[in-house]
Amino acid sequence: AFSVYTLVLVPAWGNPKYRAGLLPPRVMRRLNWIVLISLVIALGANILALIQQTMVFFGADIANVIDDELWRVVQSGTTFGDMWSPRLLFLLIVGGLHAASIYFRNDQPKSVRAFWVANMWATILIVATWSVSSHAAGSPLWPWIALANDWLHGLAVSFWAGGLITLVIILPVALQPYTSEQQRIVLLTVLRRFSRLAIVCVVLTIATGIYSALNWIYAPTMAISTYGGSLLLKIVLVVGLLLLGMVHHAALRPEKYARWQGMFQRGASFIPTLRLEAVFALIVISVVGLLSATPIPEPDISNETIDIPSGILS
């Protein structure tokens, strides 16, 4: 949402007459609700993640985890906890900056945009905390490259899928006061801007996704696993998401794809197909969560017997 505001909505729709955020108040209100609800969900999910990790770590139920404060051990003594605390701190900082943008919107309206831009960079760091405690951290080959790759993958998916969902929620309110033809002009302005950035994100998502997959599945036998099945499901859904994105890309550029306009005509209305694409994006994100929670295939090298190094001193 912060990235869509900074990189898409303000460049496409920004107007100096709207001093608080450069966007119409109805759009800023909707954006504020998106951020506030997202922050509540993110904070709650972060706390639940710590409790769940503690339950698994100790084999305890939730009552013991809370009553005996077992969660403190995981928070302070594990890699997960090392990233959990900074993530919580960044979320609180984002919440504080966003609260400040709402508080100062009347007295210092020009500061609103600055707060939103700052939060865009803060959320980029939040995504990085997930990468450090992800599968990539245990990569057997060039772990720092694997971490950077996972971070880029997360950022690309966050902007592509999250940005799409944000637009779908905002567009009905943003287009409400306009006539049909005006709505189309306003819609095309923002979608063309988003489309250019989404193409970059798609390329990054595919490239980094292939690298991540090959990092763990480098033999046919390793693909036949729970992780391989989850990965295949994710790939199928991403292909469906890409196909819907191609429909919108072609509908935005009728002069380039005149030969296939009959095929892409249904996408020319945008709103219904954008909603369908957003639903696909939500399903993909759910499968990504499943994939992240699935153990990676056990490499063949883990079953090999390695001689213990030894030496004799005379």
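The values are calculated or read from the model by the stated rules, or taken from the named source; none is laboratory data. Please read all numbers here as calculations on a predicted model, not as lab measurements. Virtual Cβ from ideal backbone geometry, glycine too; neighbours counted across all protein chains shown. These accessible areas exclude ligands, DNA and RNA; they are computed on the full protein's heavy atoms, side chains included. Shrake-Rupley method; radii C 1.70, N 1.55, O 1.52, S 1.80 Å.
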- For G21, list long-range residues whose amide hydrogen, built 1.01 Å from N in the peptide plane, is under 5 Å from its own amide hydrogen. V112, R113
- Please report, as a whole percent, how much of the solvent-accessible surface of the chain comes from carbon and sulfur atoms (probe radius 1.4 Å). 68 percent
- When a/c is below 1.5 the answer is rounded, else prolate if a/b is larger than b/c, else oblate, so apply that to the chain with a ≥ b ≥ c taken from the square roots of the Cα gyration tensor eigenvalues. oblate
- Query: Which ³J(HN,Hα) values, rounded to whole Hz and listed in residue order, are derived for the range 192-203 from phi using the Karplus coefficients 6.51, -1.76 and 1.60 in 6.51 cos²θ - 1.76 cosθ + 1.60 with θ = phi - 60°, glycine and proline given as x?
  - Reply: 5, 5, 5, 4, 4, 6, 5, 4, 4, 5, 5, 4
- How far is helix 163-175 tilted off the main Cα axis of the chain, in degrees rounded to 10, range 0 to 90? 20 degrees
- Which of the peptides 36-48, 83-95 is most tightly packed, and how do the rest follow, judged by the mean count of other Cβ atoms within 10 Å per residue? 83-95, 36-48
- Query: Which of V168, A20, N119 sits closest to the plus end of the dipole of the chain, meaning its Cα is farthest towards the positive end, when Lys and Arg get +1 and Asp and Glu get -1 on the C-beta?
  - Reply: A20
- Which angle from 0 to 90°, rounded to the nearest 10, does the C-alpha axis of helix 25-58 make with the longest principal axis of the chain? 10 degrees
- Note on the structure: Charge dipole of the chain built from unit charges on the beta carbon (Lys, Arg +1; Asp, Glu -1), centred at mean Cα; most positive-end Cα among I93, I271, L147 is I271
- Query: Which of G311, P109, V287 sits farthest toward the positive end of the charge dipole of the chain, with +1 on the Cβ of Lys and Arg and -1 on the Cβ of Asp and Glu?
  - Reply: P109
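I'd like to check one number: the per residue accessible area of the range 91-182, probe 1.4 Å, reported in Å² as a whole number.
Per-residue value: 51 Å².
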- Among 183-190, 18-25, the order from most to least packed when residues are scored by Cβ within 10 Å on average: 18-25, 183-190
- Query: Using unit Cβ charges (K, R positive; D, E negative) and no other charged atoms, how large, in debye to the nearest 20, is the dipole of the chain about its Cα centre?
  - Reply: 2220 debye
- Taking a ≥ b ≥ c as the square roots of the Cα gyration tensor eigenvalues, with a/c under 1.5 meaning rounded and otherwise prolate when a/b beats b/c or oblate if not, the range 100-181 comes out oblate
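Pull out a ≥ b ≥ c, the square roots of the eigenvalues of the alpha-carbon gyration tensor of the range 78-221, then state rounded if a/c is under 1.5, prolate if not and a/b is larger than b/c, and oblate in the remaining case.
Details: a/c = 3.44, a/b = 1.44, b/c = 2.39.
Here the range 78-221 falls in the oblate category.
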- Message: Compute the angle between helix 226-252 and the longest alpha-carbon principal axis of the chain, please, reported from 0 to 90 degrees and rounded to the nearest 10.
- Response: 20 degrees
